[in-house]
1. Please report, for the Cα atoms of the protein assembly as shown, the Rg to one decimal and the Dmax as a whole number; what are they, in angstrom?
2. Can you compute the modelled spin-label distance between residue A:27 and residue B:79, with each label point 7 Å from Cα toward Cβ, in nm?
3. Provide the FRET efficiency to the nearest 0.05 for the residue B:103-residue B:52 pair, computing r from the beta carbons and using R0 = 22 Å.
4. Rg to Rh for chain A: what is it, with Cα atoms only and Rh by Kirkwood?
5. Under a cut-off of 26 Å between alpha-carbon atoms, report the lysines in cross-link reach of residue B:57, not counting same-chain residues fewer than 8 places apart.
6. At a Förster radius of 30 Å, what calculated FRET efficiency corresponds to the Cβ-Cβ distance of residue A:9 and residue A:63, to the nearest 0.05?
7. Kindly provide the Kirkwood hydrodynamic radius of chain B in Å, to one decimal, from all pairs of distinct alpha carbon atoms.
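FYI, it's all coordinate maths here, none of it is from the lab. For clarity, every value in this text was computed on a predicted model and none was experimentally measured. Every residue, glycine as well, gets a Cβ built from its backbone with ideal geometry; the counts of neighbours run over all protein chains shown.
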Amino acid sequence: ETGVTQSPTHLIKTRGQQVTLRCSSQSGHNTVSWYQQALGQGPQFIFQYYREEENGRGNFPPRFSGLQFPNYSSELNVNALELDDSALYLCASSPGGIEITGELFFGEGSRLTVL
Amino acid sequence: AQRVTQPEKLLSVFKGAPVELKCNYSYSGSPELFWYVQYSRQRLQLLLRHISRESIKGFTADLNKGETSFHLKKPFAQEEDSAMYYCALRGYGQNFVFGPGTRLSVLP
């Protein structure tokens, strides 16, 4: 069983640029959620996708957007990068739809540094 | 508003001593509470959930709605328990809200 994989693992961007982060969900999982984890803080919910539709969003501006593909992999796009966007971005998948079990399966994250 | 607080950033105990990691929450409804753990060089993973009322690796947690708490306890800490622990709440829209985390260090 393949776990959640994320790419790239590390990347450096400059302010104003755009970034795309990718996530492959665990086999059999159709729900993917994204979290931002700033240094010294817990993960903060960005949004969740179920069967290619966004079905939940946290308190993040519209320049944070995402996609989920038919194979349930997902992308997180961030436009007009700001210094405060520097963080570890975690992807988590889970089986089921709206009534997920509560067990999130996390990837290792993509560490974004904005200069 | 949904919020999870963990008052201790770092908790150090000696091997064999009892451990209690504190978690308080605010939520205007019936919450689902979880503890997630991240061991060194590993991914964040589920430790336990309150609806299961189970003991995992010797850890238990009881939901106290009156005190809005979900503290994690273990009677005898082991060195392999050293890790980062996050309390999490699942509320509106099935979204998860994580606390800031407590780093547990179990000393030999």
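1. Radius of gyration, then largest Cα-Cα span, for the protein assembly as shown: 17.5, 52 Å.
2. For residue A:27 paired with residue B:79, the spin-label model returns 3.6 nm.
3. Step by step, r from the Cβ atoms, then E = 0.35.
4. On the Cα set of chain A, Rg over Rh gives 0.95.
5. B:9, B:15, B:22, B:65, B:73, B:74
6. The pair residue A:9/residue A:63 has a calculated efficiency of 0.85.
7. Working: mean 1/r = 0.0720 Å⁻¹.
Roughly 13.9 Å, rounded to one decimal.
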